[in-house]
Amino acid sequence: MAIMTWNDNFNIGIPQLDGEHKRLVTITNDLYNTMKQEQSKTAMDLLLNDLNDHVITHFFHEENFMLHYRYLDYTRHKQLHDNLATNVDAYRNLYDKDLLPMAKFLTMLQNSLMHHIYKTDQEYAPFIRSHM
C-alpha cells in the first residue's frame, strides 16, 4: 500500500535527481507500511535514519547541480532545502518524544515532499537541463 504514488509529472528530467526523488517516495511508503503493520520502533527508526540520510544526500546533489551550472536562484533554493531538512528533523524529534504520531509525521512529510518535488524543483529543472 502507498501513501504517495509516483507519476511522471514529478519527473524533472534530470535522471539522477528523478531517481533520488523516487527513492524519497519509496522511503515514505515504507514508513507508512511499517506503521500500518505495527512493526517495532526499531524498524521505524531504521527507516527514519534512511530518510534523513537520503534527504541530506539528495539536497547535496541538487545543490551541486545548481552550483555547477550557476543557477541564479541557488541561494533561495538552498534556503528551502535547509528549511525542509530542519522541518523533517523537527518532526523526527517530536515523533521520538511521542509528541507527534507517525500518521501526522507522514502527512507532513508527504505534503512537504510533494510540494518540493512537484513545484519547487520544477522551477530550477529547465535551467539545469538547458545547460547540461
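Every read-out reported here was derived from the displayed coordinates using simple, explicitly stated rules and does not represent laboratory data. Predicted model only: the values in this text are computed from it and were never measured. All Cβ positions, glycine included, derive from the backbone under ideal geometry; neighbour counts span all protein chains shown.
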For segment 93-132, which trypsin sites (Lys or Arg not before Pro) are in a loop by DSSP, counting at most 13 other Cβ atoms within 10 Å?
-> 97
Mind checking which lysines have their C-alpha under 18 Å from residue 78, skipping anything on the same chain fewer than 8 residues away?
-> 119
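By per-residue mean of other Cβ atoms within 10 Å, what is the highest-first order of 21-27, 35-41?
Numbers: 21-27: 17.9, 35-41: 11.4.
Going from most to least packed, we get 21-27, 35-41.
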Listed values [x] 98; [y] 90; [z] 121, entry calculated as volume of the Cα convex hull per residue in Å³ = [y]
What are the aspartates and glutamates whose alpha-carbon lies under 19 Å from the alpha-carbon of residue 22, with same-chain residues fewer than 8 places away excluded?
-> 8, 30, 50, 53, 62, 63, 121, 123
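Rounded, prolate or oblate: which one fits segment 72-120, using the alpha carbon gyration tensor with axes a ≥ b ≥ c (rounded when a/c is under 1.5, else prolate when a/b beats b/c, else oblate)? All intermediate terms of the calculation are to be shown ahead of the outcome.
Working: a/c = 6.08, a/b = 1.91, b/c = 3.19.
It comes out oblate by the Cα gyration axes.
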Per-residue ³J(HN,Hα) for segment 47-63, Karplus 6.51 cos²θ - 1.76 cosθ + 1.60, θ = phi - 60°, Hz, x for Gly and Pro | 5, 5, 5, 4, 4, 4, 4, 5, 4, 4, 5, 4, 4, 4, 5, 4, 5
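Subtracting the Cα-Cα distance from 0.36 nm times the residue separation, let me have the gained length for residue 90 to residue 75 in nm, one decimal. List each step's numbers first, then the result.
On the way: separation 15, 0.36 × 15 = 5.40 nm, distance 2.23 nm.
Extra length available between residue 90 and residue 75 comes to 3.2 nm.
With a sphere of radius 14 Å drawn around the Cβ of residue 20, what net charge do the other residues whose Cβ falls strictly inside it have (Lys, Arg +1; Asp, Glu -1)? It would help to have the intermediate numbers written out before the result.
Numbers: positive: 22, 23; negative: 18, 50, 53, 62, 63, 121.
Spelling it out: positives minus negatives among the neighbours equals -4.
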